[in-house]
Structures are given as C-alpha cells and as structure tokens.
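J.: Quick one: structure below, then a few questions.
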Protein chains: 2
Amino acid sequence: MNLELTPETIKVACSNCNLRELCMPVGLDFVDMQKLDEVVATRRHVKQGDLLFRDGEEFKSLFAIRTGFFKTSVATPDGLEQVTGFQMAGEIIGLDGIVTDKHSCNAIALEDADVCVMPFSNVEQLSREFPVLQRHVHKVMSREIVRENSMMMMIGNMRSEERLAVFLLNLVQRLHARGFSQAEIILRMSREDIASYLGMKLETVSRAFTRLSDEGVIEVKQRYVGILNHKALKKIVNPNACD
Amino acid sequence: MNLELTPETIKVACSNCNLRELCMPVGLDFVDMQKLDEVVATRRHVKQGDLLFRDGEEFKSLFAIRTGFFKTSVATPDGLEQVTGFQMAGEIIGLDGIVTDKHSCNAIALEDADVCVMPFSNVEQLSREFPVLQRHVHKVMSREIVRENSMMMMIGNMRSEERLAVFLLNLVQRLHARGFSQAEIILRMSREDIASYLGMKLETVSRAFTRLSDEGVIEVKQRYVGILNHKALKKIVNPNACD
DNA sequence: AACATCATTTGATATAAATCAAGGCAATTT
DNA sequence: AAATTGCCTTGATTTATATCAAATGATGTT
C-alpha cells in the first residue's frame, strides 16, 4: 500500500493557508478563493543549500514560499556569484524566467523550505478570469521593479554603513510583517552573501557591523542581530528624517 | 470651428505603427491588431526637459515611447537624483506605478518626445481577452526585472571602465535593433546622468571615456561616441569571452 | 565679437573600501 | 578533549574612485 504523502506531491489549498494575505489578493470571498486554489499545483520541499531552480533552466512555474528562506543570484562575467535578492515566506520567486521562458538566476534555499508550485499557465489562465488576481500579479511584478530601483540607488550612492542599515531595516520590517520581532533578527545568510547583495566585500560588511555595534545602534553575535536603537538606524540612512 | 488636432489628443493606431514589433506582441492577425488599437487612448507630446510623470503622481497609464528619449530617476535620501534607467522608442515606461497606484520615479524627456498613452485599465481589460497581449505585458515586466538584476550585478562588481563599456554596448545594441548604426551613438544624456546611472561620479565617467578613447576602443567627441573596436569593448567586460 | 553659461576634461589630493594576511570563535568530527 | 573546518573579525596596506579645484570647450546672448 502507498499511504505516504511525499512532500513533493502534497496538494495544498490557498483558501486555508495562513500566508494568503501575503501571496494572494485580499478581499476575495470564499467561493472565489476556492477557485484560486487551482493556481497551486503541488508543493515542493527544498533542503538547505539546494537549488529551487537554476540559471538557464526552463521556466514553467512561479513559486510562493511557504516556509524557509532563499537567496537568488546571478553569475558575474568572471564566474563569481552576485546575490540579487533574499526571499522569505509569502514572497513570490521566479519572475525573472517569464521574459525568455528560461530562468535567469539561481534560487538557493538558505534553510529548509517549502514552496507552492504555481504553474505560470495556471496563473495566466486564472488571471484572465479574476481581475483581482490579474492586478495582484501585476503588483507583485511592479513591486520587484521598484525594489530593484531602490537597490540601485542604494548601491550607487550610499556608504557601507548606510547600506547595511538599509538592509537590516528592510529585513526587520519584512519579518515584523510576518509576526516576528521588530528588534531581533537571526540572519539566514552569510556575511559574504550580504556583501555580494550590497555590492561590497565581506570584510567591509563585518567592519560595518562592528561600527554599528560600537555606536550602540545594534548588537551583533554571529548571525544574531539585535536592533537596540531603531531610530538611530534610520537616522544613519537619512539624517534629516524627522520621524 | 475647431479643426486643430493638438498633439495631446491625436488618436493613433498600433496596427499601422512601425514600432509595433517593439511595443506589441508579435504574430497577431490584422483583426486582432485592430482590436488592440484600443489600448492606446491618445498620444502626448513631451518637450525636452519636461516630465512625463513625477514621483508621487497618481498612476493611471503606461506609456509607449514613439519618438524621443527619456530618463527615469528617483531621489536619494539626501535629495540628489539617482538615474534608474534610460528609455527609447518602442520601450514601455511607467511600470513602477502599478504596485502602489502612484508613480515612484520621475520620467524626464531628454529630447522632444511623443508617447502613446495606454490607460492601464485598458491594458488589463484587453489582456484578459488576448492571452498573447497578457503574455506580452508579463514579459515586458519580467524583462525590466532581469535588466535591473544585471544592473545590480554591474554596479556591485565592475570597475568604472567596465561599467561604461557595458553601458555603451547596451546602448548600441538597442539602437541597432531600431535600425541605427552599430558603430555610432549620439548620447542624449549628460555625463552626470551616465555617472548617476552607473553609480559613479561625472569626473570618473569622463576619465573612463578618455581611457577607452586612449586605448583606441572608442572615439569620443562630446556626445558623439564612435565604436572603433566592438570586440575590444566586449573584452573589457569579459576578458574570457571567446566570441 | 565679447560675454555669460553650461558641460566636459584634466590635475592634485583625500578617502572609503578592497586586498592581503593573520587570528579568533563556534560547531562538528574523530 | 583535541582537532578540523567554516565563518567571522581585526589589522596593515594598497588602490580605485571621490573630492576639490581649475582649465577648456561648446553654445547661446546681448
């Protein structure tokens, strides 16, 4: 007999997922929500260090992260890794693949993860039937465009300490939106990953951590980061801010 | 009587626009193409130096550039301008506004321009009826995401000369796709704009120009840039490339 | 033509971050 | 418990780019 439900084949319903406010459009009635359950085909488990998809791989699905933490990266011309983003529960990953039907980056699990596999044809099909889903998909993509705009601004203009401050503020904000502490972070990525993402070297990241720590703004112990003075952290990014 | 057609109100048809291969999905029959004419509401003329839209302004429409050249920019925390992109004929501008229903950047015409105004509600409406248009919209957004990924990679990892090489290669490639020379560019933007876009200072851009010029790779005279050695320019970006 | 304005180039110097190198800390293995 | 390994921190030095400053060149104006 075969009663085993392998993680690869579990069928899930968005309608009773506690993350649906993050992945799915809001303001749907229960009936519509049940129809939207069709977007998700299966779930997939990804072990820490494993790839969800890789650069060049055929694009078929978007993935909604249920649990776990990912980084996406591209290869530089000289073969190094450039981290392009970090993604957590409730976020959508794989949008890069739409334009060429091939993924253009690698998605690596920084901790054991579960993702909802959403075949893009399902997404497009249901988008045509549900304007609210269509709008949602557009917003998710637009949000990513705006995020990258501000990343460019940051890497192009800010000093190392400022970049790290922005990075930490963004992380706590996203974690807080998921019910975690506003004052504590357990980093899932290495100093090297952070450095790559912020366009600096790992030693510079380390020094920026110690400087923020010396200033009493944060408390660092390996991958634990305590935000001691949220306001001061914001001031580092924007000294003129009044709030 | 009122026979004047102001530039603000000219109605245009994609079906006989010579740029449609760039803005519109390919492989449409004439009947479908005529229906798609409805996406474009009006045309709008933007004078050099004027804004097509500004940060914070309500988002209602995407814009397809018919003629002219734009830059988009955001403000840094200290009030400086960070250029986030340059757009030319056939490209779509305004995607940043979808996520919050407000534009999150400024779009400034670097030369007199004509744009097709595409109310986003029309785009969404017709996307539901024409899967090929829907797919096209998704691809346009995904392309922008991928472009910004590679910009991050570039700003984070490359030296000034390499960044300028990438920038010039990208420009000629896009201009060539529009029927212009593969070997000559008339820059529409200032050194300062280029510097901001590439995450450097205008003096550094200037020095990078002279260095590439001294190496005999390009020829620079103000805003005219001649590509003397396309291969060498590529080699600067990726010394190991075999083509 | 002389003048003013703006954009660009060039030079000298300062500086933030990269690089090179060593040491420390924590977790895992033997 | 000692040893290995991976990750992070710290220190010394170099380097690419930023900054400051001036000169040059193009464009438009009176």
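J.: Kirkwood hydrodynamic radius, the range B:155-237, all distinct C-alpha pairs: what's the number in Å?
T.: 12.6
J.: Let me ask you something else. Note the distances from residue B:35 to each other copy's matching label point, with points 7 Å along the Cα-to-beta-carbon direction, in nm, sorted shortest first.
T.: Spacings between copies for this position, smallest first, are 2.0 nm.
J.: Let me ask you something else. Any idea how far apart residue A:78 and residue B:58 come out in nm if each label point goes 7 Å out from Cα toward Cβ?
T.: Each label point is offset 7 Å from its Cα along the Cβ direction, giving 5.1 nm.
J.: Provide a whole-number value for the mean count of partner chain Cβ atoms within 10 Å of the Cβ atoms in peptide B:233-241.
T.: Per-residue shielding by partner chains comes out at 1.
J.: Another one. Roll a 1.4 Å probe over the protein chains and send me the accessible area per residue for the range B:155-237 in Å².
T.: 51
J.: A follow-up question, please. Taking only the Cα atoms of the range B:14-133, how large is their convex hull per residue, in Å³?
T.: Spelled out: Cα convex hull of the range B:14-133, divided by residues, is 98 Å³.
J.: Here's another thing I want to ask about it. Output, in nm with one decimal and in ascending order, the distances from the residue B:111 label point to the matching label points of the other copies (7 Å from Cα along Cα-to-Cβ).
T.: 5.3
J.: Next question, about the same structure. Would the range B:104-243 count as rounded, prolate or oblate if I go by the C-alpha gyration tensor, calling it rounded below 1.5 in a/c and otherwise prolate when a/b exceeds b/c, oblate otherwise?
T.: prolate
J.: Okay, next question. Taking every eigenvalue of the Cα gyration tensor of the protein assembly as shown, multiplying by 5 and rooting it, what semi-axes result, largest first, whole Å?
T.: 35, 32, 22
J.: Follow-up question, since we're still on this one. In degrees, nearest 10, range 0 to 90: what is the angle between the Cα axis of helix B:120-129 and the longest Cα principal axis of chain B?
T.: 70
J.: Limiting things to C-alpha atoms, what are the Rg and the maximum Cα-Cα separation (Dmax) for chain A, in angstroms?
T.: In order Rg, Dmax, the Cα atoms of chain A give 19.2, 67 Å.
J.: Right, something else. For an R0 of 45 angstrom, estimate the FRET efficiency from the Cβ-Cβ distance between residue B:222 and residue A:101 and round to the nearest 0.05.
T.: 0.60
J.: How much of the accessible area of the range B:155-237, probe 1.4 Å, is carbon plus sulfur, in whole percent?
T.: Exposed carbon and sulfur together represent 48 percent of the surface.
J.: Given +1 on the Cβ of Lys and Arg, -1 on the Cβ of Asp and Glu, and no further charges, what dipole in debye does the protein assembly as shown carry about its Cα centre, rounded to the nearest 20?
T.: With only Lys, Arg, Asp and Glu charged at Cβ, the dipole is about 560 debye.
J.: Further, regarding this structure: Between residue B:182 and residue B:13, what is the FRET efficiency for a Förster distance of 30 Å, r being their Cβ-Cβ separation, to the nearest 0.05?
T.: Efficiency, from the Cβ-Cβ distance: 0.45.
J.: Given the Cα-Cα distance of residue A:192 and residue A:51 and 0.36 nm per residue of separation, how much length would full extension add, in nm?
T.: This chain segment gains 48.9 nm when fully extended.
J.: Enumerate the calculated ³J(HN,Hα) couplings along the range A:31-43 in order (Karplus 6.51 cos²θ - 1.76 cosθ + 1.60, θ = phi - 60°), each rounded to whole Hz, writing x wherever the residue is Gly or Pro.
T.: 5, 4, 4, 5, 5, 5, 4, 5, 4, 7, 8, 8, 10
J.: What FRET efficiency comes out for residue A:211 versus residue B:213 if R0 is 56 angstrom and r is the Cβ-Cβ distance? Round to the nearest 0.05.
T.: Taking R0 as 56 Å, the efficiency between residue A:211 and residue B:213 is 0.90.
J.: Place the label 7 angstrom along Cα→C-beta at residue B:179 and in each other copy, then list the distances from the first to the rest in nm, shortest first.
T.: Label point to label point, same position, other copies: 5.9 nm.
J.: For residue B:42, which sequence-distant residues (separation of 5 or more, or a different chain) have an amide H within less than 5 Å of its own amide H, given hydrogens modelled in the peptide plane?
T.: B:117
J.: How large is the accessible surface of residue A:214 in square angstrom, using a 1.4 angstrom probe and rounding to the nearest 10?
T.: Around 130 Å² of this residue is reachable by solvent.
J.: Pull up all non-local amide H partners of residue A:81: gap of 5 or more, or a different chain, and H-to-H distance under 5 Å with H placed in the peptide plane.
T.: Amide H neighbours of residue A:81, under 5 Å, 5+ apart: A:76.
J.: Cα centroids of the range B:76-115 and the range A:79-142: how far apart, whole angstrom?
T.: 24
J.: From the backbone phi of the range B:218-231, what are the Karplus-calculated ³J(HN,Hα) couplings (6.51 cos²θ - 1.76 cosθ + 1.60, θ = phi - 60°) in whole Hz, Gly and Pro given as x?
T.: So the J values, rounded to whole Hz, are 10, 10, 10, 9, 6, 9, 8, 10, x, 8, 7, 9, 4, 4.
J.: Shifting gears a bit: Hand me the trypsin sites (Lys or Arg not before Pro) from the range B:211-243 located in a DSSP loop with no more than 11 other Cβ atoms within 10 Å, in residue order please.
T.: none
J.: Here's a follow-up. Measure off 7 Å from each Cα along the Cα-to-Cβ vector at residue B:240 and residue B:159, then give the distance between these two points in nanometres to one decimal.
T.: According to this spin-label approximation, the distance is 1.7 nm.
J.: Under a 5 Å amide H to amide H cut-off, with H placed in plane at 1.01 Å, what residues pair with residue B:59 once short-range neighbours are removed?
T.: B:102, B:103
The values are calculated or read from the model by the stated rules, or taken from the named source; none is laboratory data. What you see is a predicted model; the values in this text were computed from it and never measured. Glycine gets a Cβ as well: all are built from the backbone with ideal geometry, and neighbour counts include every protein chain shown. With ligands, DNA and RNA removed, areas are computed over all heavy atoms of the protein, side chains included. Shrake-Rupley method; radii C 1.70, N 1.55, O 1.52, S 1.80 Å.
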